[in-house]
1. Going by alpha carbons, how many degrees (0 to 90, nearest 10) lie between the helix axis of 152-168 and the longest principal axis of the chain?
2. Which of 259, 100, 164 has the fewest other C-beta atoms within 10 Å, and how do the rest follow up to the most?
3. What is the extension gain from residue 285 to residue 181, computed as 0.36 nm multiplied by their sequence separation minus the C-alpha to C-alpha distance, in nm to one decimal?
4. Cα centroids of the stretch 26-82 and the stretch 186-208: how far apart, whole angstrom?
5. Could you list which residues have their amide H under 5 Å from that of residue 77, counting only those 5 or more apart in sequence or on another chain, with H placed in the peptide plane?
6. Just to confirm my understanding: which cysteines in the chain have no other cysteine beta carbon less than 4.7 Å from their beta carbon?
7. Starting at the first residue of the stretch 7-12, write each ³J(HN,Hα) from the Karplus equation 6.51 cos²θ - 1.76 cosθ + 1.60 with θ = phi - 60°, in whole Hz, x for Gly and Pro.
8. How large is the Kirkwood hydrodynamic radius of the stretch 411-531, in angstrom, based on all distinct alpha carbon pairs?
Amino acid sequence: MTDNIFRINQVGYAVSLPKRAAVLREGTVTVSDEAGRVIRRIDTGALLFDECTGDMAADVDLGDLLAGRYTLELDGVRRDITVSERPYSALVRALIKGLYYQRCGTELKPEHAGAWTHPACHTAPARLYTDPDVLMDVRGGWHDAGDYGKYVGPGAVTAGHLLYAYLLFPEASLNGLNIPESGNGVPDILNEARYELEWMLKMQREDGAVYHKLTTKRFAAFVMPEEDRDTEYVMPAGQCAAAAFSGCMALASRVWKRYDTGFSARMLDAAIRARDWLERNPELIPWKNPDDVHTGGYGDDCVNDELFWADCELYAATGDERYAAGLEARAGQIDIAQMGWRDVGGLGAMCCFFELDGELDPDLLNKLRERFLRAADRAADTAGRSVYGTALGSREYIWGSNLTVMSRAMLFICAWKLTDDRKYLNQAAGQLDYLLGLNALDISFVTGFGTDPFMHPHHRPSAADGIDDPVPGLVSGGPNNRYTYGITKEKLPPDIPPARSYLDETPSADTNEIAIYWNSPAVFVAACLDTL
Ligand code: 9MR
Ligand code: ZN
């Protein structure tokens, strides 16, 4: 981290988007071009107190700038910035490729993985938790996060983000990832998503139910994945997993219609069978870890949002009116502006807005639109109260706060698409600015990107591989002031402002883990901003 009074997007700004910085000293900022000519002077005005960071800072709009390198200077303190037409192409690709690095059950070869190779991991048959004599081949999927577990619900949401990024921003840099499937005629973002989808299909039971997760009983030590030889169990089935699975599979079946009809049909069938199973098992039993299981729980006591998403996608995929009835019945009961692993209503909303707009009752659609835009406006108000322009309230710095930031950016992007109002797009750009360094910590939350990226993710391969640099293209969970982990409690002063409750240290799982569903909303956001 640099000692600097400027907080900037360290990866770079787009010519067509706002170029904002936070400045921690009052005075006149000069902007100079590469030849050293001062092209602009900007008065910071009086500094303002920023509640979430505890900083006194000014929000400075650098104004219109052509592509190039510039230097900001105030009282002899300098900071370089870059502006270009398409600053996020490499970022989009790397964020998708981050998921490739999470692949389980296959060798990561040097020609694809560079230095970050490893032999195939978790290849032994898994045992069925409820009947351990039953052995199953459930190889594949992505390691969820810093751990080696594979969880269906989070996987479905991650794939959902990728598929919507593909559907809404096909012109973005979604191809040329140099993964094993590259060049097969299918965009790599879909190739990568398929790696997870194929695994998810294996997690469906014959009767349509879907197993919640595939993990060992305890988290592995900090070893490479192929050295984790503990028995993996296919854990009991659950409704939230089944419903998210159903939504994701129906969506994917729609996407693959033009690339692989057989795969598409297989997924649609799986989606319908999962939905039918839910119909036969309507009483929600919130999923809980069995007593001897200590891996991620992903507890969720509401399945309405997952069912809403499933019915939206199934309606889009089949046109069957019973799904329309289902989505209409639940639309009023859920938060339709949520895009995370627990609350997935926003994925259903995207389906309504961008796929079903001609099919749905116009009244219903209008109401959804209004509610959605109101949520976007509330998020914009929150961002407006932050000197850094961050759409997070002081109580929202929780585990995985970067997911909330990126979901808000997704919300802004959808609002922009719905209204064509640029202010939403600008807000979305502000959230990517935050992720890439315009934050109190002066850190980029994407490994390998920016001048000062975080270096010590809570990520087993990054810690165990003996390579200095962490695996590239991974998103940190970010500041969390409800920390519970030993090292985080030990090292962070108790009264630290929420946006500073962060430790770039490997053991700090509650502030610095990585996760597939923290990468994927960033893919969506960067993909959108890559296409302008
Ligand atoms: O992302 C999850 C976060 O919302 C929860 O607060 C946290 C504690 O339950 O768990 C996070 O998910 C972790 C999962 O349980 C296991 N794999 C790593 C995930 C990221 O930290
Ligand atoms: Zn593995």
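1. 60 degrees
2. On the way: 259 15, 100 24, 164 27.
Exposure proxy ranking, most exposed first: 259, 100, 164.
3. Details: separation 104, 0.36 × 104 = 37.44 nm, distance 3.92 nm.
Extending this stretch completely gives an extra 33.5 nm.
4. Cα centroid to Cα centroid, the span is 47 Å.
5. none
6. Lacking a cysteine Cβ partner under 4.7 Å: 52, 104, 121, 240, 248, 302, 352, 414, 528.
7. Couplings: 10, 9, 6, 6, 7, x Hz.
8. Values: mean 1/r = 0.0654 Å⁻¹.
Answer for the stretch 411-531: a Kirkwood hydrodynamic radius of 15.3 Å.
We did not get these values from a lab; they are worked out from the coordinates using the rules stated. This one's a predicted model, so the numbers in the text were calculated from it and none came from an experiment. Note that each Cβ is placed from the backbone with ideal geometry, even for glycine, and that neighbours are counted across all protein chains shown.
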